[in-house]
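Here the structure is laid out as structure tokens; the discussion comes afterwards.
The values are calculated or read from the model by the stated rules, or taken from the named source; none is laboratory data. These figures come from a predicted structure and were not determined experimentally. For neighbour counting, all protein chains shown are included, and Cβ atoms are generated from backbone atoms with ideal geometry for every residue, glycine included.
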Amino acid sequence: MRKSNREIFIEQFEKHKGQMVITNSNDVQRLIAIGTDQYDYYYVCYDGNQVTWFSHVGSYVPLKGKIDDKHYDRITYIAKINHPDQPECQLYAKEDLDKVNKRAIERLNTAGESHEFITEVCLDIN
């Protein structure tokens, strides 16, 4: 039996969740979820500042396994110290970090009025 698009997208997400990917806008972002609205499916990415929903009409390029481990580890290290949802974030004073983390996670977990997540939001960087 042929898999549905939804099943295929979820399967791809499970393979790449939390990884750094190159998006349709040619940015390196973290793949955090798969979502949908009444028209389309989306892969949802986070750049440490904002969440972006990209149509599955396009695609993403996973970097893990495509570039050497040393360089991939450097990219994830930079994300861990700069993304406010990460405990290692160094952009804020310790006393402010909990407040910033809470806001960042709330923003990440909010799909919007017409959008909904079909996977859990993955906050781990893999």
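Quick notes on this one:
- Selection count, region 40-58, where residues are among the small types (Gly, Ala, Ser) and modelled with pLDDT of 90 or more: 1
Yes/no matrix, rows are residues, columns are (1) of a type in the set (S, T, N, Q); (2) over 14 Å from the mean Cα position of the chain (by Cα); (3) assigned to a strand (DSSP E or B); (4) surrounded by fewer than 17 Cβ atoms within 10 Å (Cβ to Cβ):
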site: GLN12; (1), (2), (3), (4): yes, no, no, no
site: VAL21; (1), (2), (3), (4): no, no, yes, no
site: ASN26; (1), (2), (3), (4): yes, yes, no, yes
site: ARG30; (1), (2), (3), (4): no, no, yes, no
site: ILE34; (1), (2), (3), (4): no, no, yes, no
site: TYR42; (1), (2), (3), (4): no, no, yes, no
site: CYS45; (1), (2), (3), (4): no, no, yes, no
site: LYS70; (1), (2), (3), (4): no, yes, no, yes
site: ILE81; (1), (2), (3), (4): no, yes, no, yes
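- Qualifying residue in region 39-58 (condition: more than 27 Å from GLU106 (Cβ to Cβ) and not charged (D, E, K, R)): yes
- Positions within region 1-10 being of a type in the set (Lys, Arg) and in a loop (DSSP other than H, G, I, E, B), in sequence order: ARG2, LYS3
- Checking ASN5 against (1) touching a His at 6+ places or on another chain (Cβ under 9 Å); (2) free of Cβ contacts under 8 Å to residues at least 60 places away in the same chain; (3) surrounded by 15 or more Cβ atoms within 10 Å (Cβ to Cβ), the condition it does not meet: (3)
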